Amino acid sequence: MDHEKIKQGVRLMLEGIGEDVRREGLLETPERIARMCEEIFGGLSEDAGVHLNKQFRVSDNNMIVEKDIPFYSVCEHHLLPFYGSAHVAYIPNGSVAGLSKLARTVEVFAKRPQIQENLTIQIADALETYLKPKGVMVMLEAEHMCMTMRGVRKPGSRTVTTVTRGVFAEDAALQQSFWQAVNR
């Protein structure tokens, strides 16, 4: 990440809104924002495959659900946060990833500027690519600050996105099992 460009951009934005960048409270703000960007956009330089390549052989091919995985991301349209929970399921095809690897996969993609719809797809794509399961289902529920603090101003509204692949797309009963697991 280019800290100098970020700091210049922050100074220009502060000046653009009419602030004095020499004011005591703002003196270190450009540097703080540059460090923050490294943390919240760290997924830009990460590969989910690093986490999902570590797998274990299994003989059971029943559904695995990791639910209520907290995530924080930034809307690429307004550069405001959106945050919520991810629910991830897959049907193994002979191997499984460690449960923490599912949460790490969510985190890799959440730490990028983007939209929730793409975040949901990216998680499902990574699970399909690296685990090669019989099916994948991903659901994200999130509150978007671009809807809460600006524009329509509807705090508490949540956006839900889902992706179903493989046997999940073909089997309504399997989807229902996912919904039941998530809503327990």
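Structure notes:
- Residues located in region 106-122, provided they are assigned to a helix (DSSP H, G or I) and of a type in the set (Val, Ile, Thr): Val106, Val108, Thr120, Ile121
- Of the set (1) within 14 Å of the chain's Cα centre (by Cα); (2) assigned to a loop (DSSP other than H, G, I, E, B); (3) surrounded by 15 or more Cβ atoms within 10 Å (Cβ to Cβ), all apply to Lys67 but (2).
- Ser59 over 24 Å from Val163 (Cα atoms), polar (S, T, N, Q), out of contact with any strand residue (DSSP E or B) (no Cβ under 6 Å at 6 or more places or on another chain) and open to solvent by 30 Å² or more (accessible area, probe 1.4 Å): yes
- Candidates Val108, Val96, Val74: the one that is open to solvent by 10 Å² or more (accessible area, probe 1.4 Å), over 21 Å from Ala181 (Cα atoms), β-branched (Val, Ile, Thr) and at pLDDT 95 or above is Val74.
- When Met139 is tested against (1) surrounded by fewer than 17 Cβ atoms within 10 Å (Cβ to Cβ); (2) over 17 Å from Asn61 (Cα atoms), just one condition goes unmet, and that condition is (1).
- Figure legend. Inter-residue proximity from region 62-81: first residues under 19 Å from Asn118 (Cα atoms), second residues at pLDDT below 95, beta-carbon distance below 6 Å, spacing 6+ or different chains. Indicated pairs: Cys75/Cys146; His78/Cys146; Leu80/Cys146.
The values are calculated or read from the model by the stated rules, or taken from the named source; none is laboratory data. Treat the numbers as computed from the prediction; the structure is a model and nothing was measured. Cβ sites come from the backbone with ideal geometry, for glycine too, and all protein chains shown count toward neighbours. In case anyone asks, the SASA skips ligands and DNA or RNA and just uses the protein heavy atoms, side chains included. Shrake-Rupley method; radii C 1.70, N 1.55, O 1.52, S 1.80 Å.
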